[in-house]
Amino acid sequence: MSAPVAYGSGELAGKTALVTGGGRGIGAAISRRLARAGARVALLGSGADHLTRLAAELPHDPVVVQADLARPGAPLTALREATERLGRLDILVNNAGFGTFGASDEVTPEAFDAFMAVNLRAPLLLAGHAARHMADNGGGSIVNISSGIGPSGNTGWVLYATAKGGMEAATRTLTAEWGPHNVRCNVVRPALIRTSEAWPPPGWDENVRDDYLRSVPLRRMQEATDVAEAVLFLAGDTGRNISGAFLDVDGGWGVFKPSVVGADV
């Protein structure tokens, strides 16, 4: 692999990063923040238009990789493309995913397979194979975006909780397996995040908002940029001695683990 190039100043100068779901919402905020910190970023997603638009904003010669992560071979093909075009990979952010709502007795085998393909299979494949590449090149950092529902569960979100819980279990194993090779693996757990693409969530109104904010000790909504700052901390050298950590970006919501929007099934 080619040696890293110093693209600019900042905590991540000379580093490269792959952000899945990197063109919209939380992923876009993460991509922007890593690029501002000096990283050359590869944006991975299924929609070429928004990936291209965001890439036009970013410094340091960003890379666009279009892929449907639901396809079995797509994650590793996309990883190879991103790594080849970047020259090497120092940071992986597993952010891509989607949510579905419904009772556990409504889950079908088809729905399960479709959901897990993107929300669990793809990030696990990407993390394991990226870790191997990073280990062969001196180390790196993997940040998996989970959810406050991952450790606690919530009525009506059985598939989402299962996928995020699986991602968190995988993170623990990845930490143990790849730590001796200087590859760190951590989790960021947002609660409800206000983004332009996914806002408002189903069932949201002023009363639901007020009830939710009463369960958040800081009494404010979290923004995508809050998640991006946490990712930067874990991805860069400031977090060089942090691995296997689960960082809640939720204003304190996880202390109480109350129900969330749409819990009345």
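What percent does the relative contact order of the range 7-105 come to when contacts are Cα pairs within less than 8 Å and at least six residues apart? Once normalised by length, the contact order is 31 percent.
In order along the range 104-118, phi translates into HN-Hα couplings of 5, 7, 9, 5, 10, x, 5, 5, 4, 4, 5, 5, 5, 4, 8 Hz, rounded to whole numbers, per the Karplus curve 6.51 cos²θ - 1.76 cosθ + 1.60 with θ = phi - 60° and x for Gly and Pro.
Take each peptide in 232-239, 139-146, 123-130, count the other Cβ atoms within 10 Å of every residue, and average; sorted highest first, the result is 139-146, 123-130, 232-239.
The stretch between THR225 and PHE98 holds 43.8 nm of extra length on full extension. This uses 0.36 nm per residue minus the Cα-Cα distance.
Computed across the range 1-116, the Kirkwood hydrodynamic radius from all distinct Cα-Cα pairs reaches 14.9 Å.
Here the range 48-87 was treated as a single set of alpha-carbon atoms; its pair distances binned every 5 Å from 0 give 5, 23, 25, 24, 17, 5, 1 percent. According to the Kirkwood relation over distinct C-alpha pairs, the hydrodynamic radius of the range 51-171 is 15.6 Å. Modelled label positions at ALA176 and ARG85, each set 7 Å beyond Cα in the direction of Cβ, lie 3.7 nm from each other.
Descending by average beta-carbon neighbour count within 10 Å, the peptides 39-52, 77-90 line up as 39-52, 77-90, the highest first. Each Lys or Arg adds one and each Asp or Glu subtracts one; over the other residues with Cβ under 13 Å from the Cβ of ALA122, this totals 0. Can you find, among ALA37, LEU76, ALA17, the residue sitting farthest towards the positive end of the charge dipole of the range 1-91, where Lys and Arg contribute +1 and Asp and Glu -1 at Cβ? Result: ALA37, furthest along the dipole toward the positive end.
Bear in mind these aren't lab numbers, they're just calculated from the coordinates by the rules spelled out. Computed from a predicted model, the values in this text were never measured in an experiment. As a convention, Cβ positions derive from the backbone with ideal geometry for all residues, glycine included, and neighbour counts pool all protein chains shown.
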